[in-house]
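Nothing in this text is a laboratory measurement; each read-out follows from the coordinates by a stated rule. These figures come from a predicted structure and were not determined experimentally. A quick note on method: Cβ atoms are made from the backbone with ideal geometry, for glycine too, and the neighbour counts reach across all protein chains shown.
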Amino acid sequence: MEKARISSIQLFLLLTGFLFGNTLILAPAQGAKNDAWLAILLGGAGGALLMGVYAAIALLNPSKTLAEILKEKLGKVGGSFVTILDIWYFIHLASLVLRNFGEFIVTMTFLETPMAVVIGLFAVILVYLVNSGIEVMGRLSELLVPVIFLVVFIISLSLITVRDFTAFFPVLENGMKPVLNGAFALITFPFGESVVFLMVFPHLNKKERLKKVVPASAALVTFIILLVFFRDIFVLGSDLMVRSTFIPHLTSLLLPGFNVEPLIDITLMIGGGVKCSVCIYAAARTLCQIAGIGDYRKLTGAISTFCVVLSIWVYANVLEMFNFSENLWPYYSLPFQIVIPLLLLLLSFRKKSSQSNERAKSQKGKDAAKAY
Amino acid sequence: MVMCRKGKKGYGIFLVLFFIFPVLLTGCWNNRDLTEMNFVAGMGLDRTEEGKVLMTVQVVEPAAIISEAKAQSAQPKPVIVKSYEGETIFEAIRGILFNFDKKLFFSTAQVLILGERLSQDDIEKILDFFQRDHEINYRMDILVAKDATPEEILEVESDQDPIEAMYIKGTVENTDARGTVKRTMLIDLIKDIGSSGKQLAIGQISKEGEKEVKTEGLAVFKDGKLAGWLGPYETRGYLLVINQIQSAIVNVTKDKDKVAMEIIKSKGRIDVAFRNSEPSKLIVKVEVQANVGEYEGRGKLESPGNLHNLEKILKEEIKKEIKMAMNKIQKEYSSDIFGFGEHMRKHQPQYWKKVKKDWNDTFSDLPVEIQVDARINRIGSVKDPVKKVE
Amino acid sequence: MIMVLAVFAILIFYDVRKFIRTKEPVKVFAIYACFMATSLIVSLLLAAGRKPPGPTQWIEAILNIFGVAS
């Protein structure tokens, strides 16, 4: 087990950057059109709950990574099987993020650059980052993730002159169904994706801080998504917002006077970079643990190469990407994000209570779990 | 890259990267230098008689502008105007390169002039290119040319600004001091096209002699097709309702004296009243604040009573202007450019669903209630107008 | 095509040399070869313009069996 430690503020920023990631590019709750703010609130609450489940698992199994927990709870064969599925999921997630990033850059910024080049160069930096270890990733997010907030606030504030505050009316024009769909989509993307962090939580230096870090991060991200949604709909109107390929890009074009488009690229680069590197890190660590290889750095190169190839391979075009992330991703993620973690939580509880029956103590951990 | 610290071999890799990265970091794949681009200042769009698209661009020649400032010698013209026909806009834009040496750069375009023939067709569909292309500036001003083709408008050589598109943009921008032309940016137009309860209305431009243009009035559209025009005063009435007036001069007559009132603040709101779950009345509420700007006559302005009197007259005048606009739009064009339908869609969606099918007809039959509230704040440096001392 | 081969050659050469120097166990080589071979085959197919059905299609097919995807 790696001895690396990160502080709670680093974890907070890493988690926030991860959740922020490519969320704004794909706008998962967009299907609810001008009721998306309701979907965001619901999805944010649901997402926080789901992340609470992950935190509870981590608290009930202190200092254990996902692979170790799975092996312990599900046995050697079952555990290995689920772990391999999870590795696939992490790699897939990383490549989807890479593709989002590439697609955005190729559609908006560098129109004639081949996407493989954009993604490949980005991946080179990510390999370097992942090889530097989780501590460096934490410190880097401490440095860079605040830039995201800064950019979001700067753009939102400068657009205050061009807006129509009634744009999100009428409320619930199409009923509750799109709202619930949007909320569900938002739970699985981005909140549910933080299941990857079960590989990172063990590195936190003060375990009990997890109880604060996770909800705070979920709340902050919900707030930012909400802010950005309102900004976009006030500026673009619901019709154009629903029709646009990449919403933040269009919004940034409307800023009077100067060009802030590169700032959008920067937020995507930071968010996507954090997300992608955490995914690659988690995949490499899990793979090494299950195969019994000591140093995960040996495999990051291979995994990243595979991610790059996979990211080119997964979609034929940008519309396929949107279709997948809107219609298929939520269901595909269900087992990885909800079923397996809930199962683990149940098994952890059972073990904990049987232990406490025997020894009639270790109340503390249980209380901690009850807080969720 | 971790290897960098490990002796000679690491150093080699470091050197390779050191030389590769500068090449990669210089910019995009399709890097184009400033000198390899033609900057487009204005665009014009029209239909030909055969139904093709006629694209006109006004391209800036930077060298000519600089040399013009230095010496008034015989120099090439600062702008070049060229047109090209195509089935689609994009084809025409690329085709236009047939006599340009460098590629065109569209982000600098300031105005887009739509031709009359195109407007009588369907402009809602044709604007897709301008939304989709990444180089188009969404804040570009859009105008409809009256009694002239876009090409003619863009070919005007103004003395005021060497780049004619900038001159046009300037005349549109100063509408915030006169309020007689509607400023429509591409983004506003796109939003209006997307909203089901609002028809399009775009500012009007026409030629005024050989060297000038005139931006005054409004082109009213119905279902994407040009329905007719509004004059400057009707346009102002319309702009008061949709809350787009910043400042304007309204003349009123008081006891045969002419008084020019300067509107300094205006707030317009619209609403729809219902009876028996049917829309029964359109309500327009306008609040203005004004200053007395000019008093041509022998009257008295000293007492507050006089001022209140003046307020009443101003109210009536503004009401008249709005009524004029309303009448023409409802009875002649029957096109809801105010967005009453959009207001209903937002705030009374249950009714909107019932009436949205033939809303334009319903709209033109509804009575209008106009409530104007006027306040006069300042009277300027003198109280009474000048008079011989008796 | 040649570009793809060249990139992979550099990557593999760089990594494998490192592995040999540190005398890694066979399983590292096996996993590494697994990933790299898949990547190489897929990217060669992609470069040749023949896109094999990817994970998106598999997932869609699996979800269709369960009947959840619309």
Please pull out the direction-averaged projected area of chain A, using the convex hull of its alpha-carbon atoms, in nm² to one decimal place. 18.1
Relative contact order %, the range B:235-390, counting alpha carbon pairs below 8 Å whose residues are six or more apart: 30
Residue by residue through the range A:337-348, the couplings from Karplus 6.51 cos²θ - 1.76 cosθ + 1.60 with θ = phi - 60°, in Hz, x for Gly and Pro, are 8, 10, 5, 4, x, 5, 4, 4, 4, 4, 4, 5
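Length gain on complete extension for the stretch residue B:300 to residue B:247, per 0.36 nm per residue less the alpha carbon to alpha carbon distance?
Details: separation 53, 0.36 × 53 = 19.08 nm, distance 2.54 nm.
Gain in length upon complete extension: 16.5 nm.
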Would you mind calculating the relative contact order of chain A from Cα pairs under 8 angstrom and at least 6 residues apart, reporting the percent as a whole number? 39
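Hey, with R₀ at 60 Å, roughly what FRET efficiency would residue A:63 and residue B:102 work out to, going by the Cβ-Cβ distance, to 0.05?
Efficiency, rounded to the nearest 0.05: 0.40.
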Measuring from label point to label point, each 7 Å out along Cα→Cβ, what is the residue B:271 to residue B:49 span in nm? 5.4
Hey, which lysines would be in cross-link range of residue A:71, C-alpha to C-alpha under 19 Å, not counting anything within fewer than 8 residues on its own chain? A:351, A:352
Under the Karplus relation with 6.51, -1.76 and 1.60 and θ = phi - 60°, whole-Hz ³J(HN,Hα) for the range A:61-71, x at Gly and Pro, equal 10, x, 6, 10, 8, 4, 4, 5, 4, 4, 5
Among A:66, A:328, A:204, whose mean-square fluctuation peaks in a Gaussian network model of chain A (Cα, cutoff 10 Å)? A:328
Between residue A:243 and residue A:88, what FRET efficiency follows from the Cβ-Cβ distance if R0 is 45 Å, with the result rounded to 0.05? 0.85
Pick out which of B:99, B:174, B:276 has the largest mean-square fluctuation in a Gaussian network model of chain B, springs linking Cα atoms closer than 10 Å. B:276
Virtual spin-label span in nm between residue A:180 and residue A:209, 7 Å along Cα→Cβ: 4.0
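Give me the net charge for the shell around residue B:231: Cβ to Cβ below 10 angstrom, other residues only, Lys and Arg +1, Asp and Glu -1. Spell out each step's value before the answer.
Details: positive: B:236, B:328; negative: B:216, B:234.
Charge balance near residue B:231 sits at 0.
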Which lysines, on any chain, are close to residue B:300 with Cα under 20 Å apart, when same-chain ones fewer than 8 places away are left out? B:254, B:256, B:258, B:312, B:315, B:383, B:387, B:388
Difference of contour (0.36 nm per residue) and Cα-Cα distance, residue A:5 to residue A:259: 87.4 nm
5 angstrom amide H check on residue B:112, placed H, neighbours 5+ away: B:43, B:141, B:142, B:143
Antiparallel DSSP beta bridges within the protein assembly as shown, percent to nearest 5: 65
Pull up all non-local amide H partners of residue B:272: gap of 5 or more, or a different chain, and H-to-H distance under 5 Å with H placed in the peptide plane. B:283
Hey, got a sec? Which trypsin sites (Lys or Arg not before Pro) in the range B:207-261 land in a DSSP loop and have at most 10 other Cβ atoms within 10 Å? B:256
Gaussian network model of chain B, Cα within-10 Å springs - most flexible of B:141, B:159, B:361: B:159
Can you compute the FRET efficiency between residue A:72 and residue A:266 using 1/(1 + (r/R0)^6), with r the Cβ-Cβ distance and R0 = 35 Å? Round to the nearest 0.05. 0.25
For the protein assembly as shown, the spread of Cα positions along each principal axis, largest first, Å: 111, 72, 55
